[in-house]
1. Which cross-chain or sequence-distant (5 or more) residues have an amide H under 5 Å from the amide H of B:S80, H modelled 1.01 Å from N in plane?
2. Find, among the GluC sites (Glu not before Pro) in the stretch B:8-110, those assigned to loop by DSSP (not H, G, I, E, B) with at most 14 other beta-carbon atoms within 10 angstrom.
3. Ignore the peptide's own chain and count Cβ atoms of other chains within 10 Å of each Cβ in B:55-64; give me the average, rounded.
4. Per Stokes-Einstein, at 37 °C and 0.692 mPa s, what whole-number D in µm² s⁻¹ belongs to chain B, with the Kirkwood radius over Cα pairs as the hydrodynamic radius?
5. Explain nothing, just the number: relative contact order of chain A, from Cα pairs under 8 Å at least 6 residues apart, as a whole percent.
6. Can you run the Rg to Rh ratio on chain A? Use alpha carbon positions and the Kirkwood inverse-distance Rh.
7. Can you list residues from other chains, or at least 5 along the same chain, whose modelled amide H is less than 5 Å from the amide H of B:H102?
8. Output wanted: per-residue J couplings in Hz (rounded whole) for the stretch A:34-50, from phi through Karplus 6.51 cos²θ - 1.76 cosθ + 1.60, θ = phi - 60°, x for Gly and Pro.
Amino acid sequence: MAIEVRIPTILRSYTGGAKAVEGSGGTLDELLNNLDAAHGGLRERLVDGEKLRRFVNVYLNDEDVRFLGGLETPVKDGDTVTVLPAVAGGAF
Amino acid sequence: MLRIPRALHDKIIEHARQDHPDEACGVLAGPIGSDSPTRFIPMQNAERSPTFYRFDSQEQLKVWREMDDNDEEPVVIYHSHTATPAYPSRTDISYASEPQAHYVLVSTREETEAEFRSYRIVDGEVTEEPVEIEE
């Protein structure tokens with residue numbers, strides 16, 4: 001078993017077009033490092049230094065990881081991580 | 001060019017008027033690849049602000065999953081500007097990440113007439129496109 005990571009259209013250039021990829025790790029941070037080995041550049045699009053970029057939403061199963069523990073959120077085999085582009089903007 | 005049924009066009013303007021002076025936002029879903037919006041999905045503006053909008057992340061996950069289940073995609077992503085023109089701001093451009101979507105902006109700064117304009121935003125480049133309203 002592994003952790004399934006669902007990738008939005010905008011980032012599928014990093015996964016050879018795949019909608020979902022698999023990885024492993026004990027925390028979200030470890031999982032993203034693990035994914036980056038096979039899909040170079042993907043982590044950089046999701047993480048800025050020590051924090052998730054504000055342009056993306058990352059969910060563990062049904063929860064936004066910002067409300068769980070960010071990059072330190074524990075993950076385990078059988079979990080599903082979903083990445084969506086944040087939809088936001090403003091007048092300026 | 002954006003082709004949009006009159007009823008959906010009117011619903012967007014109605015939503016923008018309702019939430020004025022805060023920004024309103026939402027999606028029109030349509031079958032994948034059809035380029036044809038069929039379903040109106042107003043979203044909460046998690047910022048509840050006159051100068052900023054952000055889809056509530058939990059609501060977005062739910063709606064994106066629904067679209068996935070229905071073989072739909074966001075054909076239109078709309079939001080309103082309440083004191084400035086219906087033109088994408090720098091923030092709008094930096095967040096735009098659906099190259100296949102029509103980004104619709106409505107300005108409610110005039111009480112009598114709403115400005116309704118549509119754009120493509122790809123790799124930070126904005127291109128305005130004509131809007132054809134289907135009766």
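Any read-out appearing in this document is the output of simple, stated calculations on the displayed coordinates, not a laboratory observation. Just so we're clear, the structure is a prediction, and the values are computed from it rather than from any experiment. Using ideal geometry, Cβ is built from the backbone for each residue, glycine included, and neighbour counts are taken over all protein chains shown.
1. It is B:A24, B:V106, by chain and number.
2. B:E110
3. 5
4. My calculation gives 223 µm²/s for D.
5. Result for chain A is 37 percent.
6. Checking Rg against Rh, the ratio lands at 0.95.
7. Here B:V76, B:I77 satisfy the definition.
8. My calculation for the stretch A:34-50 gives 4, 5, 5, 5, 8, 10, x, x, 5, 4, 4, 6, 10, 10, 10, x, 9 Hz in order.
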